[in-house]
1. Considering only region B:61-85, how many residues are within 22 Å of the chain's Cα centre (by Cα) and open to solvent by 100 Å² or more (accessible area, probe 1.4 Å)?
2. Being touching a helix residue (DSSP H, G or I) at 6+ places or on another chain (Cβ under 9 Å) and either more than 19 Å from C:LEU151 (Cα to Cα) or hydrophobic (A, V, I, L, M, F, W, C) (or both) is the requirement here; does C:ILE16 meet it?
3. If we keep just the residues of region C:110-129 that are over 18 Å from C:LYS54 (Cα atoms) and crowded, with 16+ Cβ neighbours inside 10 Å, which is nearest to the other protein chains (Cβ to nearest Cβ)?
4. Output the residues belonging to region B:86-106 that are surrounded by 10 or more Cβ atoms within 10 Å (Cβ to Cβ) and closer than 22 Å to B:VAL33 by Cα.
5. Being open to solvent by 60 Å² or more (accessible area, probe 1.4 Å), more than 10 Å from chain A (Cβ to nearest Cβ), under 23 Å from the mean Cα position of the chain (by Cα) and closer than 26 Å to A:LYS230 by Cα is the requirement here; does C:ASN105 meet it?
6. Taking region A:156-170 only, how many residues are surrounded by fewer than 23 Cβ atoms within 10 Å (Cβ to Cβ) and either within 22 Å of the chain's Cα centre (by Cα) or within 7 Å of chain C (Cβ to nearest Cβ) (or both)?
7. So C:ASN93 clears everything in (1) more than 7 Å from chain A (Cβ to nearest Cβ); (2) crowded, with 18+ Cβ neighbours inside 10 Å; (3) in contact with a Phe, Trp or Tyr (Cβ under 9 Å, 6 or more places away or on another chain) except one condition, right? Which one?
8. What pairs come out if I take residues in region B:30-57 that are closer than 19 Å to B:SER78 by Cβ and pair them with residues that are open to solvent by less than 60 Å² (accessible area, probe 1.4 Å) and assigned to a loop (DSSP other than H, G, I, E, B) whose C-beta lies under 9 Å away, six or more apart or interchain?
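The values are calculated or read from the model by the stated rules, or taken from the named source; none is laboratory data. Just so we're clear, the structure is a prediction, and the values are computed from it rather than from any experiment. Virtual Cβ from ideal backbone geometry, glycine too; neighbours counted across all protein chains shown. When the accessible area is computed, the model is the full protein with side chains, heavy atoms only, and any ligands, DNA or RNA have been set aside. Shrake-Rupley method; radii C 1.70, N 1.55, O 1.52, S 1.80 Å.
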Amino acid sequence: MMLQLSLVSSIDDASYDLFVSTLSNLCGNPPVVFGNFTAMLKPNPAFDIEQVNSKNQLVEQSRIKLCRGLPLQEVEADNAKRDFRLLKKYQNDEVQGLDLQIIQDMLHGSRDLDEMEVDGGSNKGGSGAQDVWSLSISDIPTAGSGRKVSTQAITETTVLASGGSSPSIVSFLSELGYVLDFQLLVLGIKFNMNNGVFLELSKIWRLNDGRTEQITKGGFLVKAFVNVAKSTDIKSINSGTTSLLALQKELSGYVELEIPDRKSMDSRLENKNDI
Amino acid sequence: MSQGPVPDTGVGVADSQADYDFSHVPAQALDAVRMRLAQLTHSQAKLKDEMARADLPQWHSLQAQVSIILTQLQSLTSTIHHFEETLDSTVVYPLANFPTTAHEGLLTTLLRKKNIPEVDEWINDAKETSGIDINTASHEDIKTALRSDEELTKWALDFLKQEHSNYSYHGFYTARELSAGASPDTQDTYQRAPSSKKPKKPFDANNVLKMIHQGTFS
Amino acid sequence: MHSTVIFSEKATPASITEFHDILSNDLVSIKEKWSFEFKTYRLTVKNLPQGSSKLMHVITFTNRDNQSVIIKNNSAIVTSPATEGVQPSLTLNGCSAGTLDTFDNLLASKLSNLWTQRQNIKGDFGSTFKTTELTVRATNVFSYGGFKGLLIELECEDDVSDGEFEQRVMKIRHLLDDMLTGEYRVCSASMDPKNRNLICDLAFQYVKVLEV
């Protein structure tokens, strides 16, 4: 289990260029473009699921997050043009250049990566089809009135492949007891602010019946975060917090980074218990 | 003609001192010159010591000292010039009650006007370096030489001024850019970004976060 | 790539040494030690349809980068807790937070109201032998401290036909027949013969021989 410390904000489309220029100068590097596809799964609603485990401990029903990178070549074939300016084309509901069928293939049948190169990834051929996903469950961020940043625990593993007859990640997860809930597409840029702080600007679409709908219309979601590998590593938590707060201070007066509402970052099911 | 007293040597001449009037002694002039000479010799002695050390001092320290010495020289020459008339017409002579027989050597030393050999050597050196033969050169020649020396200095100053004007010392544009038409900054300093450059919030981040965590789209 | 798993409950803790001796004639080299862990979980959902399988197995191999294979009902995934390797693409694209756990930990910490651990079988410090034909891995198997039997993995990295592999397996089986009086379970099956995946099939074979 690791901890993610974060602060959030938003900026409008018109302020994008200046913001990119400002942050590039602050951290000394241009941003990296990234794209990912997320499928959120929830426990099968047809199941009658216990609220306690075998040791009689209360266990919340969590959503499972499946995430993988988007093949950005599909979106922009020209390597030279794949920089932050790319995002200026995506102000509407459409995600031009992206074949949604590819995404569905990835979910419902393990697609052979030999045909598809995911940005930044390397294809290791060999035994069977590669079906690489990040699988994670996150807790609601910790509470506390004196909080300076949001602290959220994330438990994560990597799925390398799926197997069996007609292998697919979704069919396995349904055996696990999980079904598809909703799907998201993210296109964004990421700045490495140094001392472990990253700042992402993203545009997010929801996938709905084969259509895409942008939920960040008009601008970008801003998220500054630090990942701490061990949740017991107080030293790293403190230094990560300090670094984040330093960034907040540096940007204050221009963009105000704030603590997100912890209830908005709760991916548990239906918030039955308001813990 | 003013009277100049003998510097007080402390030899017992108490009674006769009351007979002499020392009010015409150009004390102010002498004191001014004396003070400036003292400063100058002090600075020069200091510089000489610095140069004699095994580790030469930093160039900027030497430059500062030379600068000070030049200033002091300047100050001395202007003081002398200021009191020129007074000093020119000052004559030093011993009072009648000076014990000439007992201290004859002292008297000749104090009143001596001839340069010590060392000084003569310096003066000759200076004359040699100037390139003019004092003995054969006419008054006109000397004047010409001095004038050309002054002109050299003037030329150097003009050259500096010219070079100085080729560069821009303030603002953010080089002189070349300015002459090419860049508008000179009205101010040298950065100004706070006007508030119209501040980004606006197109949506509530928490709403978006809620959507991506719980799927609650409206 | 072929594999076969053999499990004998009739073996004794000393059988593995005997097996090593028998193999000695064909032994080319001895490789690193290895371990596996075989956990069985049961789905605690109350209203499942009759006859549907409730068991899920998680098999973890230390000698294969600590990868785990999770099998339920002929559907499987392979997971890795290794922070190196595939991670860069996932971290870069904002998918991963960079620190990974095992699937077992995920089940235990977050999904314990759905899945309860029923069984834990382990093989620690098993031996790896290389013969001219096969890679043979053997280990004593324990469950909660008690000795359960001898497990043998046979793997062929060469590109041989099914028939050829079967012959090589038979040779080993003959050796075992002498040793264990023929009482053992063996499985060479693949989860999907059209879609061979070495580690998935291997894990599947483990399930077949270890589950009663």
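1. If we filter region B:61-85 for residues that are within 22 Å of the chain's Cα centre (by Cα), which is where we start, we get B:61-84.
Subset that is open to solvent by 100 Å² or more (accessible area, probe 1.4 Å): B:63, B:70, B:74, B:81-82.
Total meeting the criteria: 5.
2. Values: touching a helix residue (DSSP H, G or I) at 6+ places or on another chain (Cβ under 9 Å): no; either more than 19 Å from C:LEU151 (Cα to Cα) or hydrophobic (A, V, I, L, M, F, W, C) (or both): yes.
No; evaluated as a whole, the condition is false for this residue.
3. For region C:110-129, the residue satisfying everything is C:LYS110.
4. Matches in region B:86-106: B:THR86, B:LEU87, B:SER89, B:THR90, B:VAL92, B:TYR93, B:PRO94.
5. On the way: open to solvent by 60 Å² or more (accessible area, probe 1.4 Å): yes; more than 10 Å from chain A (Cβ to nearest Cβ): no; under 23 Å from the mean Cα position of the chain (by Cα): yes; closer than 26 Å to A:LYS230 by Cα: yes.
Considered against the rule, which asks whether it is open to solvent by 60 Å² or more (accessible area, probe 1.4 Å), more than 10 Å from chain A (Cβ to nearest Cβ), under 23 Å from the mean Cα position of the chain (by Cα) and closer than 26 Å to A:LYS230 by Cα, C:ASN105 comes out as no.
6. Pass one, region A:156-170, residues surrounded by fewer than 23 Cβ atoms within 10 Å (Cβ to Cβ): A:165-166, A:168, A:170.
Cutting the leftovers down to either within 22 Å of the chain's Cα centre (by Cα) or within 7 Å of chain C (Cβ to nearest Cβ) (or both) gives us A:165, A:168, A:170.
Qualifying residue count, region A:156-170: 3.
7. (1)
8. Short answer, once both residue conditions are applied: B:LEU30/B:PHE83; B:LEU30/B:THR90; B:ALA32/B:PHE83; B:VAL33/B:PHE83.
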